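**Student:** For reference, the structure I am asking about is given below.
The values are calculated or read from the model by the stated rules, or taken from the named source; none is laboratory data. For clarity, every value in this text was computed on a predicted model and none was experimentally measured. In this analysis, Cβ positions are derived from the backbone assuming ideal geometry, glycine residues included, and neighbour counts consider all displayed protein chains. Just so you know, the surface numbers come from the protein's heavy atoms only, side chains and all, with ligands and any DNA or RNA stripped out. Shrake-Rupley method; radii C 1.70, N 1.55, O 1.52, S 1.80 Å.
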Amino acid sequence: MEQVLWFGWFRADIIAEYSVLFWRGLQMTIMVTLICIVQGTLLGLAIGMARVAESRHSPAREICKYALRWPSTVYVSFFRGTPLFVQILLIHFAVLPLFINPADGLVISGESARNIKQNYGAFLSGVVALTLNAGAYISEIFRAGIQSIDKGQVEASRSLGMSFPRTMYHVVLPQAFRRMLPPLGNNAISLLKDSSLISAIGLAELAYAARTVAGAYSRYWEPYLTISVMYWVLTLGLAFLVKKLEARYGRGDSR
Amino acid sequence: MDEVIRVNRLTKQFGHTPVLRGIDCAIKATEVVCVIGPSGSGKSTFLRCLNGLEEATGGEVLVHGVSVHEPKTDVDALRSEIGMVFQRFNLFPHKTVLENITLAPTKVRKLTALEARNRASELLVKVGLLDKIDAYPNQLSGGQQQRVAIARALAMQPRIMLFDEPTSALDPEMVGEVLAVMQALAEEGMTMVVVTHEMGFARQVADRVMFIDEGLVIEEGSPADIFDNPREERTQRFLSKVL
């Protein structure tokens, strides 16, 4: 059989034959990554604020300690201290069925539960696991960023009669954000790469596409080299974007 | 004259270390009080207790009859009436001079952008920095930054101004420009509490000088009393070192 040989050993025709699968996988990878970056950042902000919450007077002081600082610390410790791969499996096979289950799901049960699990189960679990994991890491970035801002900034703002939330919003977070951009960018890149782990529970993203092709032809160079290059291009693009953002928001920071 | 600040038996501890050990004082409207004393004497802590930046351990601080350290007190409303100038300026580095000055008036006082801008321009004329209105803090000298910080505090139209060693972080040649602004403010009748090492300024501008050491008011009186005829031995010893 006549074959198209681009690099001799590299059978590009296999990639061409499955190009739709790779294309869909690429879309899924990008979608999951974007969703998790946005949700993880919001979650990270909330958890990060909870970790630095303090108040002077009772009972707000006790609420901050026991209802905010402690739970958020345990949360961050757990998600940073266990493998993401295990978290994905735990959430997909143990946690999700607790809530969505045809027999006795806590949130959704019956026929619709079967449908959702079949069609969106891997997507849901994957996004939830990756978001929770990213939230833990991003909260540490927020916490470090907030705590790196000179105390005098808060004092100056508060002495002008600005409330704590206003001080955070107008004075602390804009400055902290500039310092957080590089680590947040690194985190986004990690997220993109980590999304490949979701293929383990059957989500049809890039790594899953490669596995499918590898299984069909018992050829490994073509599919895995292809997605490697695709991931690489994506991470380079993200890094470029972060650099642009840094250049744009870096002005006026003297400290 | 009515009393704007009343301090009763104010104490403050950091951990087990007592910093303020029972301070009493009363400050009247339009009065300029300079607080002097050796470093570590508690004078900055005393000042920071006046607007609640530092929590008191015991005693009370009343500003316009409102207890500063009472949990129910709206401390933000209270602080909007008390301007504060810091040793290290603490301008917001991500905002221009104009934005530094207009932030609190627009957010807290709900001024329109135009009103706030007009007020900022007037104040910048007053401190002699109108040409820097669009500069960022890191483009200004220390003295210029401190004058902007004074304008920022004044933009809230406070009834009291607190100064925490406002010239201690400045190069010597810039001290004069900041003191001149403060002196003009005093002459306009602003109520001022100034923690300072500038004895010349205290002598010239203060209505009253308070000497604090080891968390207590050792001696207070007119500048002439304190500088020329100090009664307490500790005051004499301190002044002999700094004058």
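**Student:** Within the group A:162, A:168, which residue is free of Cβ contacts under 8 Å to residues at least 40 places away in the same chain and open to solvent by less than 40 Å² (accessible area, probe 1.4 Å)?
**Tutor:** Within the list A:162, A:168, the selection yields A:162.
**Student:** Condition test on residue A:122, is it buried (at least 18 other Cβ atoms within 10 Å of the Cβ), without any contact (Cβ under 8 Å) to a residue 24 or more places away in the chain and of a type outside the set (Lys, Arg)?
**Tutor:** No; evaluated as a whole, the condition is false for this residue.
**Student:** To continue, here is another question. Test of understanding: among A:202, A:185, which residue is open to solvent by 20 Å² or more (accessible area, probe 1.4 Å), touching a residue at least 12 places away in the same chain (Cβ under 8 Å) and either in contact with a Ser or Thr (Cβ under 7 Å, 6 or more places away or on another chain) or small (Gly, Ala, Ser) (or both)?
**Tutor:** A:202
**Student:** If you check A:132, A:89, A:45, which single one turns out to be assigned to a helix (DSSP H, G or I), over 24 Å from residue A:176 (Cα atoms) and not β-branched (Val, Ile, Thr)?
**Tutor:** Step by step, each of A:132, A:89, A:45 is checked, and only A:89 is assigned to a helix (DSSP H, G or I), over 24 Å from residue A:176 (Cα atoms) and not β-branched (Val, Ile, Thr).
**Student:** Separate question: Considering only the range B:126-178, state which residues are open to solvent by less than 40 Å² (accessible area, probe 1.4 Å), small (Gly, Ala, Ser) and away from chain A (no Cβ under 14 Å).
**Tutor:** Scanning the range B:126-178 gives a single hit, B:143.
**Student:** Residues that are within 22 Å of residue A:47 (Cβ to Cβ): find the helices (runs of 4 or more DSSP H) completely inside the range A:143-231 holding 3 or more of those.
**Tutor:** In the range A:143-231, the matching helices (runs of 4 or more DSSP H) lie at A:164-167, A:173-194.
**Student:** Considering every residue within the range A:111-118, establish whether at least one is open to solvent by 50 Å² or more (accessible area, probe 1.4 Å) and in contact (Cβ under 8 Å) with a residue 12 or more places away in the chain.
**Tutor:** So far as the range A:111-118 goes, yes, one or more of its residues are open to solvent by 50 Å² or more (accessible area, probe 1.4 Å) and in contact (Cβ under 8 Å) with a residue 12 or more places away in the chain.
**Student:** I've got another one for you. Across the range A:66-110, what is the total count of residues that are hydroxyl-bearing (Ser, Thr, Tyr) and either in contact (Cβ under 8 Å) with a residue 60 or more places away in the chain or open to solvent by 90 Å² or more (accessible area, probe 1.4 Å) (or both)?
**Tutor:** 3
**Student:** Out of the residues in the range B:71-103 meeting the condition of being open to solvent by 30 Å² or more (accessible area, probe 1.4 Å), assigned to a helix (DSSP H, G or I) and farther than 20 Å from residue B:45 by Cβ, tell me which one is nearest to the other protein chains (Cβ to nearest Cβ).
**Tutor:** The selected residue is B:76.
**Student:** Mind listing whichever residues of the range B:55-70 are open to solvent by less than 60 Å² (accessible area, probe 1.4 Å), more than 7 Å from chain A (Cβ to nearest Cβ) and not in a strand (DSSP E or B)?
**Tutor:** Passing the criteria: B:56, B:68, B:69.
**Student:** Based on what the data block shows, is residue B:123 surrounded by fewer than 19 Cβ atoms within 10 Å (Cβ to Cβ), without any contact (Cβ under 8 Å) to a residue 60 or more places away in the chain and away from chain A (no Cβ under 13 Å)?
**Tutor:** The answer is no for residue B:123.
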